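Q: Mind looking over this structure? Questions follow.
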Amino acid sequence: MIRRTRRLALITALAATAVVLSACTPAPEPTATPTGEPDPAAVLQIGLVLEPTNLDIRHTSGAALEQILIDNIYEGLVSRAEDNEIVPRLASDFEVSDDGLTYTFTLNEGVAFHSGAALTSADVVTSYEAVRTDPTLQGNAEFAAVASITAPDASTVQIVLTQPNQNFLFALTGPAGLVFQNGDTTDLKTATNGTGPFTLTRWSKGSAITFARSDAYWGEPAGVAEVEFQYIPDFTAGVNTALDGGVQVLTAVDPNLASQLEESGDFTLTTGRTTDKATLAFNNAKAPLDDPRVREALRLAIDHEALVEAVGAGSTLYGPIPELDPGYEDLSDVISYDPEKAKALLAEAGQEDLELTLTIPSFYGTTVPKVLISDFNEVGVTLEVDSVEFPTWLEDVYSNHDYDLSFVLHVEPRDFGNFANPDYYFGYDNSEVQALYDRALAEVDPDESAKLLAEAAKIVSEDHAADWLYNGATITAVSPLVSGFPKDSINSRIDLSGVTVATEK
C-alpha cells in the first residue's frame, strides 16, 4: 500500500497555459538577494501573456486558468510540485491499495471555503460525482473508471476504480480534482469560491486580474497582501513594462529581449524546465496530411537545431513525451534534417508544388513561422501563415478541426493520451497506440507503465503524427525584492502562497 503524508506547515509554493511562448538556452541563475525584510502588506505584480476567456475552470480548458487559479484560489485533495511530484493538499494524507483500485484520503482540519462554509467530505463527493457524471466538466473522461466515491465520515473520502489507472492520482492534481462547495450558486465565469490562500478581488478584462490574501486560510498565510496579474501579450511591451517598474516578475520572457532585463540590473533571470511541447500539428484526417509520406517530408525539411537556436531557449524534442513525463526517451534517431529526402518523398506522394496554411495564435510572434516558411520553401512547399486570436484558434482548429498545420505549445504534463484519442484535433487514429496507452494506464507498476508509454510514443513519432519543434524552457525575470517565486513548470502552475516581496532599504 502506498501512503503519502505531510504536516500542515509544509503547504508551500511547490507547484508551478493553454499555451504561452516559452524559450531555450540557459539564462543566468539568480544571484541577487532581497534588499530588505519581507513586507506582508506588499503587492506582487506579475506579467503574464495569455488571459483567460472566463474563470470557469470546471467547464473551460486551458493552462491560462490552471496557471493562476489552482493552488491559489482552488485546491484539490492533492497537488503537484514543480517537478510534477504528487503532494497532498486538502488531504493530510492518502493511501492507494496494492491493487491500485482504492484511494483513501483524510482531510485536513479547519478548512473553509471563501464563503465561510466549512469543508467536509460531502463537498469532495459532490464535486467528484459531478465530474464523473457530467461530460461537460473538465476531467470527465479521466473519471471513466471510477466506480464509487463515498464519504465514510466527515473527514474521509474513498474512491474506488473499476480498473487501475496509472494517471488517476495525477488527474486529481488538475481541474478534475478541485473541490467546490456543495450547493454553491457562484457564477464561476466571473467569480470564485475556493479554499485557497487567495481570493479574487478584481478582473479588469483585457488588462489584469487581482487576488487578495485570504486571512481565513486554513494553512500558512500567503506572504503578500495582494497579487496583480497583468496580461501583456506583446513581448516587447512586457519588457518595457518591467523596465518601467510596472511588474516585479515577468514570465515568458522572449530570449531575444532577455539581455535588456539582465543589463538593467533590476532583475535576475531564471530558466525553468517545462513539459511544454512546441507542437507543429498535422491534420492527420485531411489530405494531403493523411499521407504519412507528406508528414515525414515536412519533418525532414525542418532544421530543428537551427530552429531552437532561433527561438533562443529550449531543447530539441523528437517525440510526444518530454523529459519530465513518464515514458520519455530520446527519439532523435527517428527523424533527421534531410531536405533532399523530403523532396523525394513529396515527389513520390505527388505533392511537388504543395501549398499549406499554418494557423497560429497571434501571441506566438513570428520566429517559428519564419523558420518554417524558409525550411519548407527549400523543399518546394509554400507555407501561408494565418495568425489568429486565441479564441478563433480554439474554435477553428481545436473544436472544428478546420486547418492544415497548426502551432501551439501544449504545456500540460502527461498529455500523451491526446495521441490515443482519434477525436482530438490531431485526427491521429492508430489502434496499436490506443491499446498500448490503455495498457499503460492499467499497469499498477509505474516503471512498467512508463515502458509501455515509451513504446507507444515511438510509434507516434515513426508515424509522423506531428512534429515536436522543441521542448520549451521558461525564462522568468524576477526582481531581487521577490523571494520564493517558482522556477519550473510555471506555464502550467504558479503557486504563489510562499512568495514574498521585501521592502527596499
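Q: Which value in deg cm²/dmol, rounded to the nearest 500, describes the helix-derived mean residue ellipticity at 222 nm for the chain, given -39,500 (n - 2.57) per DSSP H run of n ≥ 4 and division by the residue count?
A: Numbers: 12 runs with 113 residues, N = 505.
Helix-only estimate at 222 nm: -6500 deg cm²/dmol.
Q: When the Cα centres of region 371-420 and region 448-489 are compared, how far apart do they sit, in Å?
A: So the two Cα centres are separated by 18 Å.
Q: Let me check the size of region 202-319 from its C-alpha atoms; what are the radius of gyration and Dmax in Å?
A: Over region 202-319's Cα set, Rg and Dmax evaluate to 20.4, 60 Å.
Q: Right, another one. In the chain, what percentage of the DSSP-assigned beta bridges are antiparallel, given to the nearest 5? Display every interim value, and only then the final one.
A: Details: 59 of 77 bridges.
Antiparallel bridges: around 75 percent, rounded to the nearest 5.
Q: Local charge sum around residue 237 (other residues, Cβ-Cβ under 12 Å, Lys/Arg +1, Asp/Glu -1)?
A: Numbers: positive: none; negative: 234, 244, 254.
Here the count lands on -3.
Q: Right, here's the next one. For region 274-473, what is the relative contact order in percent, using Cα pairs closer than 8 Å and at least 6 residues apart in sequence?
A: Numbers: 385 pairs, mean separation 78.7, N = 200.
Taking the mean separation of contacting Cα pairs over the length of region 274-473, I get 39 percent.
Q: Rounded to the nearest 5, what % of DSSP beta bridges with both residues in region 274-473 are antiparallel? Can you show the working numbers first?
A: Numbers: 12 of 21 bridges.
DSSP beta bridges in region 274-473 are roughly 55 percent antiparallel.
Q: Need the full-extension length gain, residue 244 to residue 355, defined as separation in residues times 0.36 nm minus the C-alpha distance. One decimal, nm.
A: Going from the current span to full extension adds 35.5 nm.
Q: Follow-up. Hey, can you rank 207-214, 470-477, 326-333, 76-83 by average C-beta count inside 10 Å, highest first? Write out the running numbers ahead of the final one.
A: Values: 207-214: 19.1, 470-477: 27.4, 326-333: 16.5, 76-83: 21.9.
Order by mean packing, descending: 470-477, 76-83, 207-214, 326-333.
Q: Using θ = phi - 60° and the Karplus curve 6.51 cos²θ - 1.76 cosθ + 1.60, what whole-Hz ³J(HN,Hα) does each residue of region 325-340 get, with Gly and Pro shown as x?
A: 9, x, x, 5, 8, 6, 10, 5, 7, 6, 9, 9, 7, 8, x, 5
Q: Whole-Hz ³J(HN,Hα) for each residue in region 495-500, computed from phi via Karplus 6.51 cos²θ - 1.76 cosθ + 1.60 with θ = phi - 60°, x for glycine and proline: what do you get?
A: Listing the rounded values in order: 7, 9, 4, x, 7, 10 Hz.
Q: Cα centroids of region 50-91 and region 266-316: how far apart, whole angstrom?
A: The distance from the Cα centre of region 50-91 to that of region 266-316 comes to 26 Å.
Q: Take peptides 89-96, 114-121 and line them up by average Cβ neighbours within 10 Å, highest first, as a rough protection proxy.
A: 89-96, 114-121
Q: For residue 431 and residue 41, calculate 0.36 nm times their separation in residues minus their Cα-Cα distance, and state this gained length in nm to one decimal. Walk me through the numbers on the way to the answer.
A: Numbers: separation 390, 0.36 × 390 = 140.40 nm, distance 5.64 nm.
Difference between extended and current length: 134.8 nm.
Q: First measure r as the distance between the Cβ atoms of residue 387 and residue 185, then evaluate 1/(1 + (r/R0)^6) with R0 = 45 Å and state the FRET efficiency to the nearest 0.05. Each step should come with its number before you reach the end.
A: Numbers: r = 40 Å, r/R0 = 0.89.
The formula returns an efficiency of 0.65 here.
Q: Express in nm, to one decimal, how much length is gained between residue 95 and residue 377 on full extension, taking 0.36 nm for each residue of separation and deducting their alpha carbon distance. Could you put the intermediate results ahead of the total?
A: Working: separation 282, 0.36 × 282 = 101.52 nm, distance 5.59 nm.
Gain in length upon complete extension: 95.9 nm.
Q: Follow-up. Just checking my list (i) 37, 30, 19; (ii) 31, 27, 23; (iii) 38, 28, 26 against semi-axes √(5λ) of the Cα gyration tensor in Å computed from this structure; which label fits?
A: So the calculated entry is the one marked (i).
Q: Tell me which residues come under 5 Å, amide H to amide H, from residue 112 once H is placed; ignore anything under 5 positions away on its chain.
A: Under 5 Å from the amide H of residue 112: 119, 218.
No value in this document is a laboratory result; all are computed from the given coordinates. Every value quoted in this text rests on a predicted model; they were computed, and no experiment measured them. All Cβ positions, even for glycine, are placed from backbone atoms using ideal geometry, and neighbour counts span all protein chains on display.
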